[in-house]
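Worksheet: one structure, shown below.
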Amino acid sequence: MNHKRLGKSPITVTDLCLGTMTFGTQADEKESFAIMDRAVEAGINFFDTAEIYPVPPSEKQYGVTEEIIGRWLKGKDRSSLIIATKVTGPGHGWFVPPVRHGITALDRHHITNAVEGSLKRLGTDYIDLYQTHWPDHGMAYEDTLAVLTDLMDQGKIRTIGCSNETSWGLMKSLWAADTHGTARYQTVQNNFSLINRRCENELAQVCRQEGVSLLPYSPLGGGVLTGKYKDGPPKGARFTEYLTGSGERQRVMGERFVNPRTVETVNLLTPIAADLGISVTTLALAWSKQHDFVASTIFGVSTTEQLTPCLAAADLILDEGTLTRIDAIETQIPNAMTEDGLRRF
């Protein structure tokens, strides 16, 4: 397993990261433990979670994922693992979260409460990477960064990052940090995959020039790139539920991921993967982690069996001919997801 630095921080991580948002819903505690054990056996040392997990978020279950990870961590060598989690973004915008009565904000009060809650659920006295789950573009970045800097000074978090952030927002945050003398975001965690390649444009340039690492989430397109939606939404799949009655926000998200353009992209990728003797799942993860501005690619599973094609990407380097064939699909079907959700910010 290869290791890369998170931005300009002192932290290095494996270039594959285990996402955990299914722990507590699609994967029960026993299966979640087995998944994490297998990931560590394979060499992965980086785990990503959030206070609002598991998904879909609910008032009854938020925090359950962190609690499962916390119980698994007992008896483990904490210093051998890099744990990332997130504070819920503002509740007055596109989504009202089932956390702190839905009036969340990225201010000192909410961030401090969120950190203390995560530390307790995780059963640890520090968080390696602490991220804002989504931004508040109406709030001064320096106010959020000042709180996060204080928490770093207290030793409760080691470094900081953001998620679901625009190129403008990331640059604004870096300007605010440099101007006001606070810590900088070292990472940005955004949607990036073979059906959503927007990060290769402006955001990649920000990351390269400013020394910020991208942590792609949904590198498998929420499961679309595994091929399981090729013959229609399968029973029990997350986007099947989103498309058939989980609410307007979930329906819109489901339609972004599962549509004729994304399904056709998978159809075109399938023979490329077959020529290499691998699955599209393996191809998609290898493609993601091969970008120079990516530190670690976050993937999630709900069973230990699903880990096998993911772990097969660990040491795989795609040759130029394969990359050219992949790029030709993007030319044929540009922006397969049509919209990645950042317009709401």
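Quick look at the values:
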{"item": "Options 170, 215: the member that is of a type in the set (A, V, I, L, M) and either in contact with a Phe, Trp or Tyr (Cβ under 7 Å, 6 or more places away or on another chain) or farther than 29 Å from residue 123 by Cβ (or both)", "result": "170"}
{"item": "Any chance residue 243 is surrounded by fewer than 22 Cβ atoms within 10 Å (Cβ to Cβ) and within 26 Å of residue 26 (Cα to Cα)", "result": "yes"}
{"item": "Residue within the range 312-323 that is crowded, with 20+ Cβ neighbours inside 10 Å, at pLDDT 95 or above and among the hydroxyl-bearing types (Ser, Thr, Tyr) present", "result": "no"}
{"item": "Contacts under 7 angstrom Cβ, first residue in the range 219-241 being within 15 Å of residue 310 (Cβ to Cβ), partner surrounded by fewer than 14 Cβ atoms within 10 Å (Cβ to Cβ), 6 or more apart", "result": "228/234"}
{"item": "Test: residue 148 is crowded, with 21+ Cβ neighbours inside 10 Å and either under 21 Å from the mean Cα position of the chain (by Cα) or closer than 26 Å to residue 74 by Cβ (or both)", "result": "yes"}
{"item": "Positions within the range 200-246 being of a type in the set (S, T, N, Q), in contact with a strand residue (DSSP E or B) (Cβ under 6 Å, 6 or more places away or on another chain) and not in a loop (DSSP other than H, G, I, E, B), in sequence order", "result": "213"}
{"item": "Output for the range 13-41, where each listed residue is under 22 Å from residue 216 (Cα atoms) and of a type in the set (Asp, Glu)", "result": "15"}
{"item": "The range 18-60: number of residues that are crowded, with 24+ Cβ neighbours inside 10 Å and at pLDDT below 95", "result": "0"}
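The values are calculated or read from the model by the stated rules, or taken from the named source; none is laboratory data. None of these values were measured; they are calculated from a predicted model. For neighbour counting, all protein chains shown are included, and Cβ atoms are generated from backbone atoms with ideal geometry for every residue, glycine included.
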